[in-house]
Structures are given as C-alpha cells and as structure tokens.
Amino acid sequence: MCSNNRKLNFGLAINEAIRQMMETDDTVFLIGQGVKSPWYVGNTCNGLVEQFGEERVIDTPVSENAITGAAVGASIAGMKAIVVHPRVDFVLYAFDPIVNQAANWHYMNGGKSSAPVVFWLIVNRGGEQAAQHSQALHSMFAHVPGLKVVAPSTPYDAKGLMVSSIMEENPVVFIDDRWLYRSQDAVPEEMYQIPIGKGIVRNEGNAATLVSFSYMALESQKAVDELKEQGIDVEFIDLRTIKPLDTEIIYNSVKKTGKLIIADGSWKTGSVAGEISALVVENIFEYLKAPIKRVCLPDAPAPASESIESVYYKTKDDIIKAIKEIL
Amino acid sequence: MTYSKDFLEKLYWMMLRIRMCEESLVDPILKGEIKTPCHLYSGQEAVATGVGAALEQKDYVFGNHRSHGHYLAKGGDMTAMIAEIYGKEAGCSRGRGGSMHLISPENGVMGIVPIVSGTISLALGSALSIKIKKEDKVTVSFFGDGATGEGVLYESLNFASLKKLPIIFACENNLYSTHLPINEIRTNRNIFNIANPFEIETYRVDGNNVLEVYETAQKAVESCRSGKGPVFIEFLTYRFRGHVGPDDNIQGTHTDIRPKDEIEAWLKKDPLTQFKKYLIENNISTEIDFEQIQNKVEAEVNAANDFAKNSPKPNKEDLCKYVFK
C-alpha cells in the first residue's frame, strides 16, 4: 500500500524501518539498553517486543561493551544485529567492538568474514544535560576505515537509511539526534532505501554552497529559507552520509558557487567539516573565490547552565552570519 | 571411561601437530623470516586438543593472541596458517591478519584477535545467534588469566547466564599475563570462582592432562547443548616459550621473569610426554605407532613450511582491498 502524503515523525519512521526489516528478514534483531522503554528510545521501538518477542527485541543490562560486542559477534555468526545506544556518550565504553573488531574485521580476516552490524547511536543535547549527555561523536567514527557513517536529518531519510543500513554488508554507524525527533515528514508506507554515500541538494542556488547533515541540516534549512526572503539563493546540500562522503555533489556545487560553508554539529577540530574543507582545497582549489567557513561547536565540552548552553549550540543565525561574511 | 586406540592416538597426533608446527616457527622467527608477532602455544597443547575433540565442526571457537593451537585443533588448515604467518596471499587471512588473526569459518574458527578479552563478547554474540536461530551449536571462548582483569569478561558472564547462552568460557591459566605473575594481578588465584556469582557451572582442571580436559569439555558441551546455559572452565597450564616469540630473554630485553626451577618443574609436566607415557603404560600404543605419527606430522609440517616460504606475498596494488565487503 502506498500513500505518499502520510506524515510520520522521525521516531516512527525509524520504527517502521526496523519493523519492516524484521518482518522481511528473520536474521534481523534489535538489542540495546532501553528497547522496552520509551523513556530511553521514545517511540522508535513501539510495538516491536509485542510483535517479535523478547528473543529478537532484547533489552539489556547496562553493559555497553559486552552488548555491543555481542551484536558484532552475532553478525559474524550470520545475524543482522541492530544495537542501539540511546545516549551516544555511553558508546565510548564500546569502542573496542566497534573500532578494533567490527571495523577491521573484513580486512584483517582477508575478506573471509564480515560483521554487518548497525550501531544506532542517538545524540542527546540541550536541557542542561552537560558534558556526558550531549556529545556528537560522528567524526570519531568517520575517521575509522571499515565503518560507514550515516546521519539523516528527515523522517523520510531516516527510514530509507535505516533500511539501507540493515541491508548493508558492512558495519554501519547510524547516528541521529534527539532534536530531530520533533520533525515530521511525508514517509511512504512501503519499504524503500536511501543509498549510503549519496547526499541531496535541498535548495538550488548560486550565491554559496552550504553543506550540512543531521540536526544542523534543520538549522541550515531555516537559514536558507530566511536568506531566500532577502533575495539570496544558497545551494544547500544535506549529506545524509558522512562516510563515504559524496564528494561529487559537493564539488559540483562549489565549482558553480565558488563559496563553501559547512555546518557540522560537533567540535571544530578534527571534524567532518574540516575533512570536507581539506578535500575541496586539495581537489578543486582553483574554483574557490573566498575562504571556507565552518560553523561548528567550540572546542569545549557541553556546559550545563542555560546562560552558556544557549551560546554553545549553533543556530540558523550563526549559519547566516557565516554565509554573509563571504558573500 | 574407555576410549578406542584410534581416538587416543588422534589426540596425541593433534598435540604433536601443534607442538611441531609451533617449534618449526622458532628458527624462522629468530632469522627474521617471520616478522608477525607469534605467541607460541607450546606447552598448552592439551587444552586446545581436548576441547577441540569435544566439539563438532559446526561449533564455534573464538581465540586470542595465543591461538595457533585453537585454530589447528578446531580443524583449521596448517598450510593456510603457516602461509598467513609468513604474510602470504595464500594465508588463511590472505596475509592481512598475520599470526594474531587466523580464521577458518568453514571449520567454526570464527575469529582470533590480540586485544585481551576482545573476542569474549563476540563469542557471546555468536552464542546469542545460536539461541535466536535455535541451532544445535556451542561456542567456546578461549582467553587467558590476563583477561580476568578486563571488565567485559564479567559483563559477558552476566549476560550469558541471564540468557542461558550455549557458551563455554575457557580460561587458560598459564600463570602469567605477559611478564606479570598471577600473584601480581589478582589477590585470589582461584580464577574458576569468578563464575560463581553469576550462577555459572564452573570447573578447574589440569590443563596438561588431555583426557581430563576432554572429559570436562565434553561435559560442558553436553550441558550447553541441553540448554542449561554457560559453563566456565579454568585450565591450569604453562607456556614453554616466551610471551611472544621463542624466548623473551633472547629478544634483547629481559621480560621473562619466570624462575628457572618453576620452568623446569612444568617441563616435567609436558602434556605430550605425559600422554605418551599413559599410552605406553596402558599398552595402547607402541614405539612403532609413535614413530608413524611422528613421521606423518613431520611431513605435514615440512610441506606446510615449504609451501608458505615459496608462495607469493599480496600484491602492492591490493593494499586497500577488503576494507569493505
């Protein structure tokens, strides 16, 4: 059944992707802390335990390392595991199974074995949650060979990328952001895929190229809309995947506009924004007409108090300011 | 228990294969022909052999840095292993893994890595997969006494017990984690007791007695297959070589602080010598039988080494092959 105008919010789009994949493929299972609790995972896991039972929807003790490793091990043994960490900060306990094991597995075993697991990590921010409940760690994962990293910004992409991540033969880090969960979008009921490694042009324009992903894509869209009212047409690319990067879509746009602004929801040093800047300078330097601008978090932990938290996170206004500086 | 001559000689054959294979690597390591760090299994053969004999081809094992023996005893091909150690394209991991990343999925050798405790959670997950798919398989997770210092072991014991997973936690206690004797890493030497708080059935056995290893492993395998959940076994054993390489003392820095009399006492408990004595004293095998086994193993080890030395290394243009499937 297809109803193109049906609206779903971000969490329910993920829920539908997981449910449809579990209905289609018996080897798919979900494991992680809080999968039975909306307090942890919102509406993303609604009805899954009821439909598939506790053998395939496994709520776990607080043991991030062992549980993440178990998901990797199950995938090595032929399952398709989705392991969820409702707060990405806690996944630092599980870097060994993700980085040492899953990411290296296919290479270090000479292609004789693989670990097709989905690490679904949710970024939490704001609300005075402070340094250990607010981190965006996507650039750390993007650094590691053997991992693919996706970061959708819309419910439509969330469903399609979750389906693609589960179908992928390699380990995928699926990072989303609790601030995205308020968004609603037309989401087709049938199962579909968004290809991993492909960005999308959300707004065409000639004034400058704005590249973003995940939550910052929402702020970017607001910035683009506001600038449009002022008669400034910015070309806006939502990357959707940050590893492998869709360099073609970025280069094509920068060749047209000559100006690049990147809005990345994490710290500036060693960021995806830094990587994109380097790639553009390395490969199409001659097309640049202005310095590249990066809108990132300052190199500081997330604060608690609202007075400083409010300036810590970047918004559409910071993006507009950065764009205007190079127009 | 009584066993057939054929079965008992197979155990001896496997232990000798592991020993001779390991010892055949000593010279090439010292000459620099083998560069990958080799943590030789000499001295611990009875553990891998006894456990391997209790498993079927479909069952899984996960290993660690010292896993040449686990790989061979579970059915891994010796030629592919030695080729891997020589860094050759014909190696079991196509020269990308080296000594510490051996694999043979068709024989259930599912993964071997040197991160201490690194495969315990992977083994846990494979056991979870067995349970979800309702398969009649068992997973063995091999780790050393050093792994008892890693938190993931305890997380895994808890989860395995909670979900009654078919996994055997096989701890080879060779009394040293790299250079540190066990007294310097724990207040209590009774490792097998760590399974008790998790309500996991646990045993301690003489890891140099292949029959004792086999019988306990078989009991554990049966328990796992019948759905009773995990089993923990501590094997008391000793490595005859250095932590890495033939002898830590020869490699420039004196890292092996094991007392001479301790080494000598354990050499007297050599699992191969002990088992040979048992087979002779019980009138099971004769010197002629041993000679035949020896000749067969020698021929296999020589052929494997010859093949490995003469086969090609990976092509330079294939550097980034296999990053992704």
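The values are calculated or read from the model by the stated rules, or taken from the named source; none is laboratory data. Predicted model only: the values in this text are computed from it and were never measured. Heads up, the Cβs are rebuilt from the backbone with ideal geometry, glycines too, and the neighbour counts pull from every protein chain shown. Protein only, heavy atoms only, side chains kept; ligands, DNA and RNA dropped before computing areas. Shrake-Rupley method; radii C 1.70, N 1.55, O 1.52, S 1.80 Å.
Select from the stretch B:56-85 the residues that are open to solvent by 20 Å² or more (accessible area, probe 1.4 Å) and more than 14 Å from chain A (Cβ to nearest Cβ) and write down the one among them that is farthest from residue B:316 (Cα to Cα). Taking the candidates together, the pick is B:56.
Residues that are modelled with pLDDT of 95 or more and away from every other protein chain (no Cβ under 14 Å): does the stretch B:160-169 have at least one? Yes. In the stretch B:131-150, the residues that are more than 14 Å from chain A (Cβ to nearest Cβ) reach residues that are open to solvent by less than 20 Å² (accessible area, probe 1.4 Å) and at pLDDT below 95 with C-beta atoms within less than 7 angstrom, at least six apart or across chains, in these pairs: B:145/B:182. Among residues of the stretch B:305-325 that are at the interface with another protein chain (Cβ under 10 Å from one of its Cβ atoms), none has a beta-carbon under 6 Å from a residue that is at pLDDT below 95 at least six positions away or on a different chain. Just one residue in the set B:109, B:140, B:116 is at pLDDT 95 or above, out of contact with any Cys (no Cβ under 7 Å at 6 or more places or on another chain), of a type in the set (A, V, I, L, M) and open to solvent by 10 Å² or more (accessible area, probe 1.4 Å); that residue is B:116.
If I go through the stretch A:115-137 residue by residue, how many of them are open to solvent by less than 10 Å² (accessible area, probe 1.4 Å) and either at positive phi or away from chain B (no Cβ under 14 Å) (or both)?
Of the residues in the stretch A:115-137, the ones open to solvent by less than 10 Å² (accessible area, probe 1.4 Å) are A:115, A:117-124, A:126, A:134, A:136-137.
Still in the running and either at positive phi or away from chain B (no Cβ under 14 Å) (or both): A:120-124, A:126, A:134, A:136-137.
Count: 9.
Set side by side, the residues B:172, B:135, B:89 differ, and just one is surrounded by 19 or more Cβ atoms within 10 Å (Cβ to Cβ) and acidic (Asp, Glu), which is B:172. The residues on offer are A:282, A:248, A:219, and the sole one that is under 21 Å from the mean Cα position of the chain (by Cα) and without any contact (Cβ under 8 Å) to a residue 12 or more places away in the chain is A:248.
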